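> One structure is given below, represented as structure tokens, and several questions about it will come after.
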């Protein structure tokens, strides 16, 4: 009889012990699951992985829907990013990585989306004089719709923004001195709306 009681007591201890462990496991899994959910919701934002090169160009590794590319740039075979298409109000994330072995003061890149009315050349010229402000001219900040910080070689910066509601061409540039003149620019083309569709049809 004593043996039976001992076995029952041992079984209960094992049962309670196992139950406690599975509770702990559930606690550990819950934050991970909520993290996965957050990541999944972030994935609804269209992300464009852009590379800044020593050739002072915005490039991408491959062509994908919603962008227009040009010829290969440099020995990596990356493609020149010429334009990005967007719907009015679409949320977009630009993830910019600089690939360079040069020091940050000689080669760094940013990605700046300008208003439709902004003059990219004039903005870039003013930016070249604003080294102390990361090449952002203080008197032209009102012309910026979205911007990343500067990324030196091996660094990645990103910005998530909502495309303008008004269809049209919005220039994006790198404002680091001399990069705009070297061709580090492109267009965000905001296309289509119910109104325009109605007028055309």
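> Over the Cα atoms of the range 48-100, how large are the radius of gyration and the largest Cα-Cα distance (Dmax), in Å?
11.3, 37
> Provide 58, 123 in ascending order of the number of other Cβ atoms located within 10 Å of each residue's Cβ, fewest first. Walk me through the numbers on the way to the answer.
Working: 58 27, 123 22.
The order, fewest Cβ neighbours first, is 123, 58.
> How big is the range 46-195 by the Kirkwood estimate over distinct Cα pairs, in Å? Working shown, then result.
Working: mean 1/r = 0.0654 Å⁻¹.
Here the Kirkwood hydrodynamic radius works out to 15.3 Å.
> So how do 173, 144 line up by other beta-carbon neighbours within 10 Å, fewest first? Walk me through the numbers on the way to the answer.
Working: 173 22, 144 16.
Ascending Cβ contact count within 10 Å gives the list 144, 173.
> Taking every alpha carbon pair in the range 76-157, what does the distance histogram look like in 10 angstrom bins from 0, in percent?
15, 43, 35, 6
> Can I ask one more? What is the order of 65, 147, fewest Cβ neighbours within 10 Å to most? Mind showing how you got there, number by number?
On the way: 65 6, 147 20.
Sorted ascending by nearby Cβ count, the order is 65, 147.
Bear in mind that the values in this text are calculations on the coordinates, not laboratory data. All values reported here derive from a predicted model rather than from experimental measurement. Here the Cβ is made from the backbone with ideal geometry for all residues, glycine too, and neighbour counts use every protein chain on show.
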